[in-house]
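*Asks:* My questions all concern the structure below.
None of the figures in this text is laboratory data; all of them are computed from the coordinates on show. Model, not experiment: these values are computed from the prediction. Heads up, the Cβs are rebuilt from the backbone with ideal geometry, glycines too, and the neighbour counts pull from every protein chain shown.
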Amino acid sequence: MPMNSRLSNATIAKLPGAIVIPRYDRNAVTPGIVHLGVGAFHRAHQAAYVDACLADGGRDWGIVGVSLRSPDTRDALAPQDGLYTLAVRDSAGEQLEVVGSILSLLVAPEDPDAVLAALTDPRIRIVTLTITEKAYLRAADGALDEAHPDIVHDLANPGSPRTAHGFLAEALARRRAADTPPFTVLCCDNLPANGATLHRLLVEFAKLRDSRLAREGDADLGHHIAEEVAFPSSMVDRIVPATTDADRARVAGELGLEDAWPVMTEPFRQWVIEDRFPAGRPAWEKFGVTMVEDVGPFEDMKLRLLNGAHSGIAYLGLLSGHATVDRAFADPAIRQFVDALWAEAIPTLPENAGLDTTAYTGELAERFSNTALAHRTAQIANDGSQKLPQRIIASALECLEAGTELVHLTLVVAAWIAACAARGKALPEGHFTDPLDAALTTLLGQQLPANETVVEVFELAGFAKDHAERQTLIELVAVHLVHLRREGPVLAFAALGIDSR
Ligand code: CS2
């Protein structure tokens, strides 16, 4: 692409007037946040909120975006000075907004030193993360997966890390040695108690590191991180379908300039954050962020109602031949199923926490019906082994403990297993992926009876590990899997009294 026809600081003034552009001097902005995992979700969510703060005059909160794996985002955005278009879409149309909050981009595997330099820059006071569930490297029991090759690598080579844990630990050690106050770590992934979870994992990592490193000053990094670094939890929400070539072409047509990687999203956005930022923070509350003491109830509501329903729609949608969320949700059987799933999950949410689940699910129904997003079921289907514990298994176990009805949540687990098994058959090979794919494919290839299959899958994924209700849960999932294997979702729905013919 010729540079003068591409979005950048030099060309932004040429954009048509209907397009929202940063109304601040980007050259005057200094970095205050390092973000690990600078993918589409971050660019539609945290970066957009920070953009609003910068426009309001908060000049010292620019973002340094880090990719922990692939150079793709940097390759797309660096020639554009970090600028990109956010396309906010619904049935009323599309609003294009150019976001300017990402000042520079780094690729960790290419240059870990540059990432450590950014993380130890005293101007950086917050590190945010969206690295996806699997990058927290938890073992089946939830503890840090000490045997993971990247953890082993990072413990042996603390100065050239690969994992988020390795980068955060080394940077916090260096800051401490240099008398630079620690940054606040703000986890933005869809995990329950996400800040506390990352805190626990990082302390585990730092203690292992301490026991291997005899270096002066390093020996009590675990204690430093446990006691002196803040890890507020947060609930993040915005639906962000993967960008397609058609999206790129349409956005370029509107801009009159190329943008190598615009991001698609919905009008809705929500961010609820625990207000513990000893090193300071942007004035987020001025731009629609809710600052609270305890994010737990909001997190559970979002994970169990939005993400739980999303996973159900994804697997049952794939098994029913629906490629996108809106099409699956327009299928009356799936719609009825989702309503019943919500009815089952809602009693597991805390009472008296001010949650309005009726308004929330009403809004979700509208968001899932957004036909302009074309949010692919296969996108949501990725990494089920990492997502189902907090989206489905946790509420299912609580239903069993409370003795309330449990028949719908369990179908989502069975549908995940059936959808995994359908790859290479009714669904294309590699249609979605999972970190457990190698083991799952071998297991599912054995064609064991449903009950044995579910036992083995639970073992592999660590679902409901050591829980008293584990066996009951397995049996309930197996009943659905029998139906799915025999006649697909039609029979599974019929057994729930849902007519899908
Ligand atoms: C989705 C989420 O892909 C998925 O697993 O459920 O990415 C979902 O779109 C976001 O959490 C919405 O905030």
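*Asks:* Quote the charge dipole size of the chain about the Cα centre in Debye, to the nearest 20; the model charges only the Cβ of Lys and Arg (+1) and of Asp and Glu (-1). Write out the running numbers ahead of the final one.
*Replies:* On the way: 44 positive and 67 negative charges, 203 e Å.
Using Cβ point charges on Lys, Arg, Asp and Glu, the chain gives about 980 debye.
*Asks:* Would any residue of region 299-337 have its amide N under 15 Å from a label point 7 Å out along Cα→Cβ of Glu487? List them or say none.
*Replies:* none
*Asks:* Can you give the calculated 222 nm mean residue ellipticity of the chain, where each DSSP H run of n ≥ 4 adds -39,500 (n - 2.57) and the sum is split over every residue, rounded to the nearest 500 deg cm²/dmol?
*Replies:* Calculated mean residue ellipticity at 222 nm is -12500 deg cm²/dmol.
*Asks:* How far is it, in nm, from the label point at Thr433 to the one at Glu366 when both lie 7 Å from their Cα along the line to the Cβ?
*Replies:* Placing both labels 7 Å along Cα→Cβ, they lie 3.7 nm apart.
*Asks:* Compute the signed sum of charges (Lys and Arg +1, Asp and Glu -1) over the other residues within less than 12 Å, Cβ to Cβ, of Asp437.
*Replies:* Every neighbour counted, the sum reads -1.
*Asks:* Here is a further query. Can you give the Rg/Rh ratio of region 296-494, where Rg is from the C-alpha atoms and Rh is the Kirkwood radius?
*Replies:* 0.94
*Asks:* Now for a different question. Hey, if you put +1 on the Cβ of every Lys and Arg and -1 on every Asp and Glu Cβ in the chain, which of Gly296, Thr85, Gln379 ends up farthest toward the positive end of that dipole?
*Replies:* The residue sitting most towards the positive pole is Thr85.
*Asks:* Taking region 87-221 as the region of interest, what is the percent of Cα-Cα pairs per 5 angstrom bin, listed from the shortest bin to the one with the maximum distance?
*Replies:* All Cα pairs, binned at 5 Å, distribute as 2, 9, 18, 20, 20, 13, 7, 5, 4, 2, 1, 0, 0 percent.
*Asks:* Then there's this: With the Cα gyration tensor of the chain in hand, convert its eigenvalues to equivalent ellipsoid semi-axes via √(5λ) and list them largest first in whole Å. Please report the intermediate quantities before stating the final value.
*Replies:* Values: eigenvalues 269, 170, 88 Å².
Working through the eigenvalues yields semi-axes of 37, 29, 21 Å.
*Asks:* If you don't mind, another one. Placing +1 at every Lys and Arg Cβ and -1 at every Asp and Glu Cβ, with all other atoms neutral, what dipole size does region 296-494 have around its Cα centre, in debye to the nearest 20?
*Replies:* 620
*Asks:* Do any of Lys207/Lys387; Lys14/Lys286; Lys134/Lys207; Lys207/Lys286; Lys14/Lys387 go past 32 Å between their Cα atoms, and which?
*Replies:* Numbers: Lys207/Lys387 27 Å; Lys14/Lys286 30 Å; Lys134/Lys207 21 Å; Lys207/Lys286 39 Å; Lys14/Lys387 43 Å.
Over 32 Å apart, Cα to Cα: Lys207/Lys286; Lys14/Lys387.
*Asks:* Quote the FRET efficiency, to the nearest 0.05, computed for Gln447 versus Ala242 with a Förster distance R0 of 30 Å and r equal to the Cβ-Cβ distance.
*Replies:* Details: r = 33 Å, r/R0 = 1.09.
After rounding to 0.05, the efficiency reads 0.35.
*Asks:* Find which of Leu54, Leu198, Gly159 sits farthest along the positive direction of the dipole of the chain, computed with +1 on the beta-carbon of Lys and Arg, -1 on that of Asp and Glu, about the Cα centre.
*Replies:* Projecting each Cα onto the dipole axis, the largest value belongs to Leu54.
*Asks:* Also: Which percent of Cα-Cα pairs in region 428-501 sits in each 5 Å bin, short to long?
*Replies:* Going out from 0 Å in 5 Å bins, region 428-501 shows 3, 14, 20, 20, 22, 14, 6, 1 percent.
*Asks:* So, one more: If we restrict to alpha carbons, what Rg and Dmax does region 163-231 come to, in Å?
*Replies:* 11.6, 37
*Asks:* Kindly rank 77-84, 445-452 from highest to lowest mean number of other beta carbons found within 10 Å of each residue.
*Replies:* On the way: 77-84: 21.2, 445-452: 12.9.
Highest to lowest by the protection proxy: 77-84, 445-452.
*Asks:* Can you check how the C-alpha radius of gyration of region 3-292 compares to 2.2 N^0.38 Å, as a plain ratio? Walk me through the intermediate numbers first.
*Replies:* Numbers: Rg = 19.1 Å, N = 290, 2.2 N^0.38 = 19.0 Å.
Output field value: 1.00.
*Asks:* Would you mind calculating the gained length between Ala178 and Ala156 on full extension (0.36 nm times residue separation, minus the Cα-Cα distance), in nm to one decimal?
*Replies:* Net length gain for the segment: 5.7 nm.
*Asks:* Need the C-alpha centroid separation for region 119-172 versus region 274-299, integer Å.
*Replies:* 24
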